Amino acid sequence: MDAAPTPIRARPLVATIGPVGWARANLFSSWASTAVTLVLGYVILRAVTGLFDWAVLNAIWSVPYNDKGIPDTSVCQTNSAQGACWAVIADKYRLILFGRYPFAEQWRPFICVLLFIGLYIVSAMRRFWRKELALIWAATLTLIGILMWGGVFGLTAVPNDYWGGLPITLILATFGIALAFPLAILVALGRRSTGMPAVKMLCVGYVELIRGVPLISVLFMASVMFPLFMPPGINIDKLLRAQIAVILFAAAYLAEVVRGGLQALPRGQAEAADALGLNYWKKTFLIILPQALRLVIPPLVNTFIGFFKDTSLVLIIGLFDLLTMGKVALSDPPWQSFSTEVYITLGLIYIAFCFAMSKYSRGLERELGQAQRR
Amino acid sequence: MSQAASTTYAGDFMGSQPAITLEKVNKWYGSLHVLRDVSLTVGQRERVVVCGPSGSGKSTMIRCINRLEVHQEGRIVVDGTELTDDLRALDSVRREVGMVFQSFNLFPHLTILENCTLAPIWVRKMPRAEAEDLAMDLLKRVKIPEQAHKYPGQLSGGQQQRVAIARALCMRPKIMLFDEPTSALDPEMIKEVLDTMIELAESGMTMICVTHEMGFARQVADRVVFMDQGEIVESGTPERMFEAPGTDRLKLFLSQILRGH
């Protein structure tokens, strides 16, 4: 009755190893599957080669300019069915990226964009996750402010009516997310507080009110109606008003995401912290939030990406963000018919930022998840 | 059975003041009356085991002692401090009272060592190096110093519960509360946790332990308290309680758990 243990057998060799095996198992496993593979393969091949022909082989990269500096786009016009006219980008990229910022001073917003990107990279690295990071942020953002506004250190002053393009988008997105996130955490905590019903009602009211209206109407409120409520003589800058609207709007959504994380956490975690004598704030910042935020990295990044793109809605209140500058560039008569090229370029810029965010979040999830398998 | 409930404890526990006093404590969840006139006095260095069927209020009672649950009537005095809405008094009580939970409740995002040093550093303001030395000493005492740099998820249930005990001891508590510490463990791991608790009991710690481990009760308890339907039905030495139960409810309960084992 005491049988010998079942002998350990090697895993059987399967023919599904290697690219050929994979293709056989996934693409050609039956005649129906083979047919679908062939049809789709043909469609994809046609689309890709067509795009490649249009975007690269038949594309026109530059056009001649007449002696008044006006581009002659007739070659592009005749070629428009066969190939892209990237000359529009070559001609307008500085307008699109930096807006109406004085041409000779555009190195300043350029450096600001690099500073923003550098800031993102540093913030993304876990070994910089310490108190000094706040200082790095403060210093970088101050530097960006000095560079953009000027007026000191021999830089000519450039009022923010002249700002535009990528810096506006990055400013709105960075300040929007960086300030909305802590606000969202406070709102989420307030919404869950049991001891303070007034705070809780305020937080619930805030979230429900903001979620109940479209971002566009919040922006309209900020830009058109808000000045009506202010006493005469007080004029808050338009960019600042849009920025505040974006922060308030993003915070309401992020608060709900954070609250989801707080709710997913087992009650025992808070109880264990209580039992050890940690007070509310220590419990929250040492035990609850590190775990809750980790749980909601995917929806958080989802919301971040959404808001990065939603900053383009400020075009409605006359701020010149990246997308608006694309439209402005297209209003130049010689280039009016080349919107496809401009929008593809804008799309690629947005994709670069958003893809970096999602790629990073997946890495972060994996890295943080490794430590705690429950 | 209020007379049995107010059993006095043996003379050698009569220090200057009792460690824990519950006086006619009542608690309701909505309209459900979960603690009914519970009175209990635990002396310094006394070891009390609380048993009773599920839903008898034993966990609720022990959780009232460090105010994880709030009682609505009566008085609870721990180490000379009455539990009220006063948060400062509550903080001082919680610093002196360690608790071990059924579900361990280790912090999964921190290593074992960080789990142990967190409260000494942030609550007791102990220097990090000192807290780490203390934590390593206690991890040695619960026999898992080699796991210090792992995360809770990498440990077995028994090991996690021993870490939870070490974590509570790192605060140098005067009183330890155990809320069914072995109920969530696989049978082969119960012994390692009970051994740790026995060692702790023998070191003279004041303990209240909610458990169904009658062997543990026999070995270390000075007194066994039997609860049913929110009240203390009977209490006495483990020998007296197990050999000569004074009530039908205790008899029924004992027959049920003995059959279960």
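Points worth noting:
- Chain A against chain B buries an accessible area of about 2000 Å², both chains summed, 1.4 Å probe radius.
- Solvent-accessible area assigned to carbon and sulfur over the stretch A:284-328 amounts to 70 percent, based on a 1.4 Å probe.
- Cα-only Debye scattering, the stretch A:243-374: base-10 log of I(q)/I(0) at q = 0.14, 0.15, 0.21 Å⁻¹: -0.79, -0.86, -1.23
- By accessible area with a 1.4 Å probe, ligands and nucleic acids excluded, highest first: order of A:LYS238, B:LYS27: A:LYS238, B:LYS27
- Per-residue surface analysis assigns A:ILE70 an accessible area of about 80 Å², computed on protein heavy atoms at 1.4 Å probe radius.
- Residues in the stretch B:115-128 carry Karplus couplings, in order, of 4, 7, 8, 3, 5, x, 6, 8, 9, 8, 6, 7, x, 4 Hz; the curve used is 6.51 cos²θ - 1.76 cosθ + 1.60 with θ = phi - 60°, and Gly or Pro positions show x.
- Estimated Rh, the stretch A:190-299: Kirkwood, alpha-carbon pairs, angstrom: 16.3
- Peptides ranked, highest mean first, by Cβ atoms within 10 Å: ranges B:18-25, B:123-130, A:98-105, B:112-119: B:112-119, B:18-25, A:98-105, B:123-130
- Probe 1.4 Å, accessible area per residue of chain B, Å²: 43
- Globularity index of the protein assembly as shown is 1.34 (Cα radius of gyration / 2.2 N^0.38 Å, N = number of residues).
- Sequence of A:LEU114, B:LEU194 when ordered by accessible area, the most exposed leading, probe 1.4 angstrom: A:LEU114, B:LEU194
- The convex hull drawn around the Cα atoms of the stretch A:108-208, when projected onto a plane and averaged over every direction, covers 9.1 nm².
- Comparing each chain alone with all protein chains together (probe 1.4 Å, DNA, RNA and ligands left out), the residues of the stretch B:137-166 losing at least 10 Å² of accessible area are B:TYR151, B:GLY153, B:GLN154.
- Computed with a 1.4 Å probe over protein heavy atoms only, the accessible surface of chain A comes to 57 Å² per residue.
- Surface accessible to a 1.4 Å probe, A:PHE220 within the full protein complex, Å²: 90
- Put simply, the stretch B:25-95 fits an ellipsoid with semi-axes of 20, 16, 10 Å; these come from the alpha carbon gyration tensor as the roots of five times its eigenvalues, largest first.
- Under 5 Å between amide hydrogens, built in the peptide plane, is the criterion, and for B:VAL50 it picks out B:CYS209, B:VAL210, B:THR211, B:VAL225 among residues at least 5 positions away or on other chains.
- Threshold 20 Å² - residues in the stretch B:87-108 whose accessible area is reduced by that much or more when the chain is no longer isolated, probe 1.4 Å: B:ASP91, B:ARG94, B:PHE101, B:ASN105, B:PHE107, B:PRO108
- Mean sequence separation of contacting Cα pairs (under 8 Å, at least six apart), scaled by the length of chain B, corresponds to a relative contact order of 26 percent.
- Within the stretch A:187-228, all pairs of alpha-carbon atoms sorted by distance into 10 Å bins from zero give the percentages 30, 33, 28, 10.
- Formal net charge of residues neighbouring A:GLN77 (Cβ-Cβ distance under 15 Å; K, R +1; D, E -1): -4
- By DSSP, the beta bridges lying fully in the protein assembly as shown are antiparallel in about 50 percent of cases.
- Among the listed pairs B:LYS58/B:LYS191; B:LYS24/B:LYS58; A:LYS131/B:LYS174; A:LYS131/B:LYS125; B:LYS174/B:LYS251, those beyond 25 Å (Cα-Cα): A:LYS131/B:LYS174; B:LYS174/B:LYS251
- Residues of the stretch A:244-280 that bury at least 40 Å² of accessible area once all protein chains are present, compared with their chain alone (1.4 Å probe, heavy atoms only, ligands and nucleic acids left out), are A:GLN269, A:GLU271, A:ALA272, A:ASP274, A:ALA275, A:LEU276, A:GLY277, A:LEU278.
- Principal semi-axes of the equivalent ellipsoid, √(5λ) from the alpha carbon gyration tensor of chain B, are 30, 22, 17 Å from largest down.
- What the Kirkwood sum gives for the stretch A:98-373 is a hydrodynamic radius of 20.7 Å, with every pair of different alpha carbons counted.
- Percent accessible area from carbon and sulfur atoms, chain B, protein chains only, probe 1.4 Å: 49
- Debye intensity ratio in log₁₀ form over the Cα atoms of the stretch A:1-136, taken at each q of 0.14, 0.17, 0.20, 0.21 Å⁻¹: -0.93, -1.00, -1.16, -1.21
- Ratio of Rg to Rh for the stretch A:51-100: 1.03 [Cα atoms; Kirkwood radius as inverse mean 1/r over pairs].
- Each residue of the stretch A:54-62 was assigned a 3J(HN,Hα) from its phi angle through the Karplus curve 6.51 cos²θ - 1.76 cosθ + 1.60 (θ = phi - 60°); the sequence is 5, 7, 10, 5, 9, 6, 10, 9, 8 Hz, with glycine and proline shown as x.
- Each helix, a run of at least 4 DSSP H residues, gives -39500 (n - 2.57); summed and divided by the residues of chain B, these come to -11500 deg cm²/dmol at 222 nm.
- Computed over the stretch B:83-138, Kirkwood Rh from alpha-carbon pairs, angstrom: 12.7
- Ligands, DNA and RNA excluded, the heavy atoms of A:TYR93 present near 110 Å² of accessible surface to a 1.4 Å solvent probe.
The values are calculated or read from the model by the stated rules, or taken from the named source; none is laboratory data. Being a predicted model, the structure only gives us computed values, none of them experimental. We place every Cβ from the backbone using ideal geometry, glycine too, and count neighbours over all the protein chains shown. Ligands, DNA and RNA are excluded from the accessible area calculation, which covers all protein heavy atoms including side chains. Shrake-Rupley method; radii C 1.70, N 1.55, O 1.52, S 1.80 Å.
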